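Each remark here refers to the structure printed beneath this line.
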């Protein structure tokens, strides 16, 4: 951790009015953490800039360290990293990468990523995420098929068994044996879960619409090589792992279908693999957020999720099979990125268009890592 007045930075991107930040300010103030955290809000071309500045200025006058960056301010900041600027398109979730790098540059003990429809509950949001970077005794879960479903920790109003978005379809509905070992672990990532709307794919929303009503299991952590979907909706990670949190670019089309909506999930595959190699554990559970999902056309969601859904199982399986090398987050990520690119290029599961996408992804990841190295040097 660099010298910094802030223990943590909360980062989000939005094209809506960031009124949600007022709710977080109230939560932080309630538990006495409002001076320990700063907020970085990343706008986009469609964002209502004037109103967003007004909202953040009002909170700033109350002593809350919150900043809104419109496109003009982002481009000014990105002048120091001209190669990176070309890898972050407009009207894309990956713009939150700018906020992640700002937090990396400013220094903090940990970073928290939220989505703009993920509201705090009555729980102590900051303190429950502050377990990252700490050593804590938790039940560590191993799975006979190498996968854990975070939705199994939650109750829902229809008592349906649902899977978290990104959970491989070829691993669903299997008989799985979970083993639990209580031990002291060093937590690098904490994935908070959600009430109300679960984080599931469009297929699940259409077929099994449910509301999450509670958490039925205490905090757990995943053993090395046990995977689970990790998103950017309510996730904290230690400063050392910020370079592993590159929000994977998804844009364009493959086979005339758009590639979108799984950038955060694919980000999580890299994050878990890197955390495992460096000896960090990923925990799941609290704090819960109230997911008041923005309005969506579920059939359109399904349309734009088809391409990543089709490739997700094979993509993550290749990442799982990689044996990484390196002692730092940047070196390990670079090694995994190159090995994954090489494997995709020679794998017949992926067609030429996906292989071209993987080349772009690899190049962008390397630019991201070079930028991180410059920032922390």
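Here are the numbers for the structure shown:
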| item | result |
| --- | --- |
| Distance from segment 7-26 to segment 250-313 (C-alpha centre basis), Å | 21 |
| Radius of gyration and maximum dimension Dmax of segment 104-262, Cα, Å | 16.5, 49 |
| Net length gained if the chain between residue 207 and residue 299 were fully extended (0.36 nm per residue, minus Cα distance) | 32.0 nm |
| When the convex hull of its Cα atoms is projected in every direction, mean area for the chain (nm²) | 17.5 |
| Sorted by Cβ density within 10 Å, fewest first, the residues 238, 189 | 238, 189 |
| Relative contact order of segment 1-144, pairs being alpha-carbon contacts under 8 Å that are 6 or more residues apart, as % | 37 |
| Segment 97-142-segment 145-217 distance, computed between alpha-carbon centres (Å) | 19 |
| Percent RCO, i.e. relative contact order, over segment 8-376, from Cα pairs under 8 Å lying at least 6 residues apart | 19 |
| Extension gain, residue 359 back to residue 338 (0.36 nm per residue minus Cα-Cα distance, nm) | 6.6 nm |
| Length added when fully stretched, residue 255-residue 290, from 0.36 nm per residue minus Cα-Cα | 9.0 nm |
| Estimated [θ] at 222 nm from DSSP helical runs (n ≥ 4, -39500 (n - 2.57)) normalised by residues in the chain, nearest 500 | -11500 deg cm²/dmol |
| GNM flexibility winner over the chain from 130, 221, 207 (Cα, springs under 10 Å) | 207 |
| Cβ-based exposure ranking for 371, 87, 328, in which fewest neighbours within 10 Å come first | 328, 87, 371 |
| Backbone N under 17 Å from the residue 26 label point (7 Å along Cα→Cβ), restricted to segment 100-131 | 117-126 |
| Share antiparallel - DSSP beta bridges, the chain, percent rounded to 5 | 55 |
| Of 78, 271, 288, the one that fluctuates the most in a GNM where the chain has Cα springs shorter than 10 Å | 78 |
| At R0 = 30 Å, FRET efficiency that the Cβ-Cβ distance of residue 348 and residue 173 yields, to 0.05 | 0.70 |
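Computed from the coordinates by the stated procedures, all read-outs in this text should not be read as laboratory data. Bear in mind the structure is a predicted one, so any value in this text is a computation, not a measurement. FYI the Cβ positions are ideal-geometry reconstructions off the backbone, even for glycines, and counts take in every protein chain you see.
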